[in-house]
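Derivation of every value follows stated rules applied to the coordinates shown; laboratory data play no part. As the structure is a computational prediction, the values presented were derived from the model and not from experiment. Neighbour counts run over all protein chains shown; Cβ positions are idealised from the backbone, glycine included.
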Amino acid sequence: MNITPVDAGRLAEDAETLADLLTDTVDGGASVGFLAPLDKGAALAWWKERSAAVAAGELAVWVAYDDEGRALGTISLAFPDKPNSAHRAELVKLMVHRAARGRGLGRRLLALAEEAAAARGITLLHLDTETDSPAEHLYRSAGWTPVGAIPDYAADPAGVLRPTTIYYKRLAGTPHHAPTR
């Protein structure tokens, strides 16, 4: 399996396989912002819309591909556009295809995003995830700190409102001052 950062062009080219990953993730019950069943066309359009943010440097995306070029996992970092928040980023859309779960891919993607953020001078990461979801175990075991839960924050794929827990992680070995970009 090959995990690689994707630029805007590659993201647009691979939108089809990324749409398959997104629909599988939603169909599998993961709360990543969409309701089930997720139409493949809507998933395709969503991924294509990310290209502009990647091109602008507002979003970094990594994709794990199998030997046939299918996307089995992805993770992204969203960078704020304000000078006073240049030291932080939001971890978004960690997804692993159901066929690839249980093999450490989520942990590898998370570690890669953390390392890439630190290399960029990011000192603080944050994320939100559905409370009591399998993702919470991953984040806690990877050293993320829960801040608290917000009730009825987002609907799960079935449309049921669920609480969301906010997490943060200070990145070791990075200076605690705002990087210049």
Q | Residue within region 116-132 that is exposed (fewer than 13 other Cβ atoms within 10 Å of the Cβ), more than 18 Å from S76 (Cβ to Cβ) and not aromatic (F, W, Y) present | A | yes
The condition of being more than 15 Å from the chain's Cα centre (by Cα), at negative phi and not β-branched (V, I, T) holds, among G28, G69, G57, only for G28
Just one listed residue, out of W46, W62, is surrounded by 15 or more Cβ atoms within 10 Å (Cβ to Cβ), in contact with a strand residue (DSSP E or B) (Cβ under 6 Å, 6 or more places away or on another chain) and in contact (Cβ under 8 Å) with a residue 12 or more places away in the chain, and it is W62
Of the listed residues (L38, L109), the one being in contact (Cβ under 8 Å) with a residue 12 or more places away in the chain, within 21 Å of T17 (Cα to Cα), assigned to a loop (DSSP other than H, G, I, E, B) and not aromatic (F, W, Y) is L38
| Any chance region 142-156 includes a residue that's more than 13 Å from the chain's Cα centre (by Cα), of a type outside the set (S, T, N, Q) and closer than 25 Å to S51 by Cβ? | yes
Of the candidates R103, R107, R98, the one satisfying the condition of being closer than 19 Å to I3 by Cα, in contact with a Gly (Cβ under 7 Å, 6 or more places away or on another chain) and surrounded by fewer than 20 Cβ atoms within 10 Å (Cβ to Cβ) is R98
Expected single match for touching a residue at least 12 places away in the same chain (Cβ under 8 Å), among the hydroxyl-bearing types (S, T, Y) and closer than 26 Å to G143 by Cβ among T17, T25 is T25
Of the conditions (1) surrounded by fewer than 14 Cβ atoms within 10 Å (Cβ to Cβ); (2) touching a helix residue (DSSP H, G or I) at 6+ places or on another chain (Cβ under 7 Å); (3) among the acidic types (D, E), the single one that D67 does not satisfy is (2)
